[in-house]
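Below is one structure; the comments refer to it alone.
The values are calculated or read from the model by the stated rules, or taken from the named source; none is laboratory data. Owing to the predicted nature of the structure, the values given are computational and were not obtained by experimental measurement. Because the Cβ atoms are built from the backbone with ideal geometry, glycine has one as well, and the counts that use them run over all protein chains shown.
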Amino acid sequence: MDISTIRSFFTVLIFAIFIGIWIWAWSGKRKKDFDEAANLPFADEEKMKPMTDRRERTS
């Protein structure tokens, strides 16, 4: 086996892993988890809002 055969095998292996991750990420089973993750920044905003109101009142 020469180096070009090993590189070709490695390229095909990495491509297959990429396709597997892509299918896993776009599967319908993951939609709920991704929707929850997409809303995480807004959850922090709700927690911070009362602190901001408190600072404005004291100033």
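Of the residues that make up segment 44-58, is at least one of a type in the set (A, V, I, L, M, F, W, C), part of a helix (DSSP H, G or I) and modelled with pLDDT under 85? Yes, segment 44-58 has at least one match. Of all residues in segment 1-34, those satisfying the criterion of being at pLDDT below 90, surrounded by fewer than 10 Cβ atoms within 10 Å (Cβ to Cβ) and part of a helix (DSSP H, G or I) are Ala25, Gly28, Lys29, Lys32, Asp33.
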